[in-house]
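Input: a single structure, listed below in structure tokens.
The values are calculated or read from the model by the stated rules, or taken from the named source; none is laboratory data. It should be emphasised that the depicted structure is a prediction, and the values quoted were computed from it without experimental measurement. All Cβ positions, even for glycine, are placed from backbone atoms using ideal geometry, and neighbour counts span all protein chains on display.
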Amino acid sequence: MEAEIGTCEVCRAKVVFTPCLGCGAGICETCALFELIGSGCGCVWPAYYCPKCAWDPMVNPNAAFRDPPAGRESITSK
Ligand SMILES: [Zn+2]
Ligand SMILES: [Zn+2]
């Protein structure tokens, strides 16, 4: 496991912008999906997810409210 900083783990073409809040993968500004996470006490905070985690209800509590990813039937972990 190499802690290589620099290349987006999604597209492997761009520079890492932020780690994914769900899986920790480094993602570039293009691949990062912005999300506002509500804690239930009225507080919300910004988060960035990789495309995989953004639509994963186990990771992103707002996944159900997102539009389904274009061009994909479903996202599974396999
Ligand atoms: Zn990328
Ligand atoms: Zn992720």
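Being outside any loop (DSSP other than H, G, I, E, B) and either more than 11 Å from the chain's Cα centre (by Cα) or of a type in the set (A, V, I, L, M) (or both) is the filter here, so list the residues in the stretch 39-62 that pass it.
Answer for the stretch 39-62, where residues must be outside any loop (DSSP other than H, G, I, E, B) and either more than 11 Å from the chain's Cα centre (by Cα) or of a type in the set (A, V, I, L, M) (or both): VAL44, TRP45, PRO46, ALA47, ALA54.
Filtering the stretch 23-63 down to residues that are over 21 Å from THR7 (Cβ atoms) and among the aliphatic types (A, V, I, L, M), which residue is modelled with the lowest pLDDT? So, considering only residues that are over 21 Å from THR7 (Cβ atoms) and among the aliphatic types (A, V, I, L, M), the one modelled with the lowest pLDDT is ILE37. Residues that are within 11 Å of ligand 2 (Cβ to nearest atom), farther than 22 Å from ALA64 by Cβ and in a loop (DSSP other than H, G, I, E, B) within the stretch 11-24 comprise just one, GLY24.
Among all residue pairs at least 6 apart or on different chains, which show Cβ distances below 7 Å where the first residue, located in the stretch 28-43, is closer than 20 Å to ASP67 by Cβ and the second is of a type in the set (Lys, Arg) and surrounded by 10 or more Cβ atoms within 10 Å (Cβ to Cβ)? Cβ pairs passing all conditions: THR30/LYS14.
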